[in-house]
Amino acid sequence: MKAAILDNHKITVKDIVDPKTGENEIKIRMKACGICGSDLEKVFGKYGMKSSKIGHEPVGEIEEVGNSIREFKKGDRVFIHHHVPCHICRYCMAGDFTMCDKYQSSNIEPCGLSEFIFVPEWNILRGGVVKIPDSMNYYQASLIEPLACCLRSINKLQINKGDSIVIFGAGPTGLMHLMLCRVFGTSRIVLLDINDFRLEFAKKICPNVTTINVETVDKEVLPKLIYNAVGAEGADYSITCTSSPSAFLQAMEFTRRGGGISLFGVPPKETEIGVDLNKIYSKELRVIPSYATSEKEIHQAISLMQNKMVDMEQLITHKFRISESNKALECAHSGHDSMKIIIVSE
């Protein structure tokens, strides 16, 4: 079977041995898998978390089930979560599931960008395989995981109806945050980026959003545009959906006193910036990192999509085969004329 394997920041599509399905395992034929910002960071940047596998948004059809598996059968259409927590450690008991040691060490084999995916017993027993509603196609289902990640970010901020938001980054997760903010009833949203294609794409999805290309606007004019849109006090919340350190510094400026900042975009490892701690203190800014997602948000995401609260499929602009994985990653990395990139089965 073909699989895209990451080795020293390079992707190689290899023909690897198709192993036998174990007694407590499930073999799944991958149908679709999205390319994520963390995948791009692993290939083009300095990813700081443990996993080095590419592709963690896979969905597919069950090909084989181990003899001990009862709740799933051949032909079931499923979402696969690559990381699954233990639910009993100190982190899990506090609701910090993504900090669980088992969450960060558990995974699927060989990766999400593979013709077949093997799900171990650990993941199966702890909710890492979820049946997809009949009303949802595989392309839509491949966006469950990134939408769930954005939901966790929104949930941690505790956004309320009528709040004003500044979103830094108009990539796929920036637009997912935009759509979720609308669902949560926010009143005014400003979206910042340097990519006109993506800003115009956002306007088609949400005509009322204020879009600003920070590369073409004078630095002196930018604050005026933002304050005109969200109010003189600043935004209630800012969400950084980019790895750019400057976005976080700007978020500190444009977030009101007592407001919150979601640190969502993956900062490269060893990123250092000069921060005026007194500004965070005196403004009582809440800086809330949000890494990955848990089964709680996955089920919330499925519910939102199933009930037509959000239309995720409109974000997909390109589809590639596993054999074209390098081309897919380059397309996602450049972002010139792309939004969400997904890999489909051969």
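The values are calculated or read from the model by the stated rules, or taken from the named source; none is laboratory data. Because the structure is a prediction, the values reported are computed rather than measured. Note: ideal-geometry Cβ built from the backbone for every residue, glycine included; neighbour counts use all protein chains shown. Please note that ligands, DNA and RNA were not included when accessible areas were found on the heavy atoms of the full protein model with its side chains. Shrake-Rupley method; radii C 1.70, N 1.55, O 1.52, S 1.80 Å.
Observations
- Using the Karplus relation 6.51 cos²θ - 1.76 cosθ + 1.60 with θ = phi - 60°, the per-residue 3J(HN,Hα) values for the stretch 28-34 come to 10, 7, 5, 10, 7, 8, x Hz, with x marking Gly and Pro.
- Ellipticity estimate at 222 nm from DSSP helix runs (n ≥ 4, -39,500 (n - 2.57)) divided over the chain, nearest 500: -8500 deg cm²/dmol
- Taking θ as phi - 60° and the Karplus parameters 6.51, -1.76 and 1.60, the scalar couplings of the stretch 160-176 work out to 10, 4, x, 5, 9, 9, 10, 10, 9, x, 9, x, x, 6, x, 6, 5 Hz in sequence order, x denoting glycine and proline.
- Rolling a 1.4 angstrom probe over the protein heavy atoms with all chains in place gives the stretch 1-104 an accessible area of 49 Å² per residue.
- Taking packing as the residue-averaged number of other Cβ atoms within 10 angstrom, the listed peptides 207-213, 261-267, 123-129 run from highest to lowest as 261-267, 123-129, 207-213.
- Among Lys14, Lys31, the sequence by solvent-accessible area, most first, with a 1.4 Å probe is Lys14, Lys31.
- Cross-link partners of Lys319 among aspartates and glutamates (Cα-Cα below 17 Å; sequence separation of 8 or more within a chain): Asp39, Glu57, Glu115, Glu330, Asp337, Glu346
- Gain in span if fully extended, Met93 to Lys73, counting 0.36 nm per residue against the direct Cα distance: 4.0 nm
- Per residue, the stretch 197-282 exposes an accessible area of 56 Å² to a 1.4 Å probe, with every protein chain left in place.
- Between helix 144-157 and the chain there is an angle of about 40 degrees, using the helix long axis and the longest principal axis of the Cα atoms.
- Angle in degrees between helix 196-205 and the longest Cα principal axis of the chain, rounded to the nearest 10: 80 degrees
- Lysines with Cα under 19 Å of Lys73, excluding same-chain neighbours fewer than 8 positions away: Lys20, Lys27, Lys31, Lys131
- Net charge over other residues, Cβ less than 14 angstrom from the Cβ of Phe184 (K, R count +1; D, E count -1): +2
- Taking every protein chain into account, the accessible area of the stretch 114-190 amounts to 29 square angstrom per residue (probe 1.4 Å).
- Packing, taken as the mean count of other beta carbons within 10 Å per residue, orders the peptides 23-30, 54-61, 302-309 from highest to lowest as 54-61, 23-30, 302-309.
- Split the accessible area of the chain by element, probe 1.4 Å, and carbon with sulfur accounts for 49%.
- Rounded to the nearest 20 debye, the dipole magnitude of the chain is 520 debye, with +1 charges on Lys and Arg beta carbons, -1 on Asp and Glu beta carbons, and the Cα centre as origin.
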